[in-house]
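**Student:** Have a look at this one before I ask anything.
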Amino acid sequence: MNILQKPLITEKMSSKAEKLNQYGFIVDKSADKSQIKEAVEEKYDVTVLSVNTIRYAGKVKSRYTKGGMITGKTNSYKKAIVSLKEGDQIDFYSNI
């Protein structure tokens with residue numbers, strides 16, 4: 001099972017990484033905190049202190065067009081905020 005789907009690279013997460021040493025990931029919906037902790041430690045070779053998870057539900061959106069009303073739904077996902085030990089850090093840009 002692929003627990004870590006992709007890292008969150010936003011302006012807010014970049015400032016959290018600099019100030020609080022916290023990093024964000026989009027994770028599998030069925031993954032629990034211990035599985036997320038093990039996956040981050042194994043992949044990035046860091047020590048994880050805590051994991052906070054947030055579940056986002058998909059929202060129904062609609063818009064009016066010339067051909068009528070179009071209704072759709074955004075994706076639901078699970079986000080994990082991982083706090084690392086002081087001195088550890090993750091470099092997402094090393095592969096570029």
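The values are calculated or read from the model by the stated rules, or taken from the named source; none is laboratory data. Predicted model only: the values in this text are computed from it and were never measured. Cβ placement follows ideal geometry from the backbone for every residue including glycine, while neighbour counts extend to all protein chains displayed.
**Student:** Report, ordered by the first and then the second residue, all pairs with beta carbons closer than 9 Å, sequence separation of six or more or different chains, a first member in the stretch 1-26 that is on the phi < 0 side of the Ramachandran plot and surrounded by 15 or more Cβ atoms within 10 Å (Cβ to Cβ), and a second member that is assigned to a helix (DSSP H, G or I) and of a type in the set (Lys, Arg).
**Tutor:** 4/43; 22/16; 23/16; 24/12; 24/16
**Student:** Further, regarding this structure: Within the stretch 45-56, how many residues are at pLDDT 95 or above and loosely packed, with under 12 Cβ neighbours inside 10 Å?
**Tutor:** Total satisfying the criteria: 3.
**Student:** Restricting to the stretch 18-41, name every residue that is of a type in the set (D, E, K, R) and closer than 11 Å to residue 4 by Cα. Spell out how you get there, then give the answer.
**Tutor:** Within the stretch 18-41, the first condition is being of a type in the set (D, E, K, R), and the residues that meet it are 18-19, 28-29, 32-33, 37-38, 41.
Across the stretch 18-41, the qualifying residues are 28, 29, 37, 38.
**Student:** Would you point out which residue out of 65, 71 is loosely packed, with under 15 Cβ neighbours inside 10 Å, free of Cβ contacts under 8 Å to residues at least 24 places away in the same chain and touching a strand residue (DSSP E or B) at 6+ places or on another chain (Cβ under 7 Å)?
**Tutor:** Only one candidate passes the filter, namely 71.
**Student:** Something else now. With respect to the numbered conditions (1) touching a Lys or Arg at 6+ places or on another chain (Cβ under 8 Å); (2) modelled with pLDDT under 95; (3) among the hydrophobic types (A, V, I, L, M, F, W, C), which one is the sole condition not fulfilled by residue 27?
**Tutor:** (2)
**Student:** Oh, and also: Working only within the stretch 59-90, note down all residues that are at pLDDT 95 or above, of a type in the set (Val, Ile, Thr) and within 17 Å of residue 13 (Cα to Cα).
**Tutor:** Hits for the stretch 59-90 are 81, 82.
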